[in-house]
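Working notes, beginning with the structure itself.
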Amino acid sequence: MQTKILVLCVNYNTQSDTEDFVRHCAEQTAYENCQIMIANNSARDKSDPTFEHLKNDHVQVINCPENLGYFGACQRLLTEYLKQNSEIPNYVIISNVDIQFQDNQFMSKLLLIKAQQSAGVIAPAVHSSLSGVDTNPFMLKRPSRFRMQMYKYIFSNDITCQLYQIAGLVKSKMKKLFRVSTAEASRSLAGQKIYAGHGAFLIFTKKYFQAGLDFYHGAFLYGEEITTAEKCLQKKLDIIYEPSLAVIHREHASTGLIYSKRTLGFIRESSRYLADTYFKRQKQNKEETLW
């Protein structure tokens, strides 16, 4: 049967989560329309047998001992898929492996959705396991240049970066107290255009790839949501929030609650890349500066 949904996921020292994720996918009623590809970023070598037992007609594993990061590994998977297949499926999903589907109808409902002509990405409800709150829309409006440059400086220092992370966890706990009002606000945005969806689970439409876009992200990890949003803006594609599709994110299964020095370095690299690539001050015309 023709693949209608391609699911790309990345393992990095999360074998149990990866196995659970594949099992959850197999429980979907529309599983026969799905193809799952796993990038094993913690593979010892190209022939690493860790996920050999998961391979079948619907599941493929690509070992990446060089560790390509999140979107980097997904780009490798997409490239491998296109070597074997002549066209992009209706939808390509990028997912963390610490994701659970809210029900076994997710893929069936996705296939029934009539995506807007301008839709490049669909952002489902992504419910946090920590707060119970839907973390989408990740960003409703495009952040200002000042805000992104400020993040660049906050994240340039390990201490301020870690403090910002702790503040974010406190904020997440506080949101739990207002779960009902937050849910009502989210429902009111159903089907609406947003700036960015949460990177733990993103659904890319065929139109995204027909516009010549891919998963290139100029940093190893973090900030993929912003890169995706900016690429869509450049091609005049929309990111649509669709809470009728829902998943549960078991947060921090791969990174931990307190960031390591290595992870802080990835955040620093990403914030610098985003600020300098998409939110740089525009150079003024020399003639304009004379007046």
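Might you report the magnitude of the Cβ-based charge dipole of the chain about its Cα centre, with Lys and Arg at +1 and Asp and Glu at -1, to the nearest 20 debye? Roughly 1220 debye, rounded to the nearest 20.
Only one residue of Ala246, Pro143, Gln28 has its Cα farthest out toward the positive end of the dipole of the chain, where Lys and Arg carry +1 and Asp and Glu -1 on Cβ, and that residue is Pro143. Bridgeable aspartates and glutamates around Lys193 (alpha carbons under 13 Å apart, same-chain partners fewer than 8 residues away excluded): Asp238, Glu242.
Placing unit charges on the Cβ atoms only, positive for Lys and Arg and negative for Asp and Glu, gives region 23-140 a dipole magnitude near 180 debye about its Cα centre. For the chain, the mean residue ellipticity at 222 nm estimated from helices alone is -11500 deg cm²/dmol, where every DSSP H run of n ≥ 4 contributes -39500 (n - 2.57) and the total is divided by all residues, rounded to the nearest 500. Here is the list for region 196-234: chymotrypsin sites (Phe, Trp or Tyr not before Pro) lying in DSSP coil, each with at most 14 other C-beta atoms within 10 angstrom of its C-beta, are Tyr216.
Residue ranges 273-280, 87-94 sort as 87-94, 273-280 when ordered by packing (mean number of other C-beta atoms within 10 Å per residue, highest first). Counted by Cβ distance under 11 Å from Asn41, the other residues give a net charge of -1, where Lys and Arg count +1 and Asp and Glu count -1. DSSP bridge analysis restricted to the chain gives an antiparallel fraction near 35%, rounded to the nearest 5.
Computing FRET efficiency as 1/(1 + (r/R0)^6) for Ala211 and Ser156, where r is the C-beta to C-beta distance and R0 is 45 Å, gives about 0.85. Principal-axis analysis of the Cα atoms of the chain puts helix 15-26 at an angle of about 70° to the longest axis.
Short-range pairs are left out: with C-alpha atoms under 8 Å and at least six residues apart, the relative contact order of region 5-281 is 26 percent.
FYI, it's all coordinate maths here, none of it is from the lab. Note that the coordinates shown come from a computational prediction; the quantities given were computed from them, not determined experimentally. Cβ: placed from backbone, ideal geometry, glycine included. Neighbour counts: every protein chain shown.
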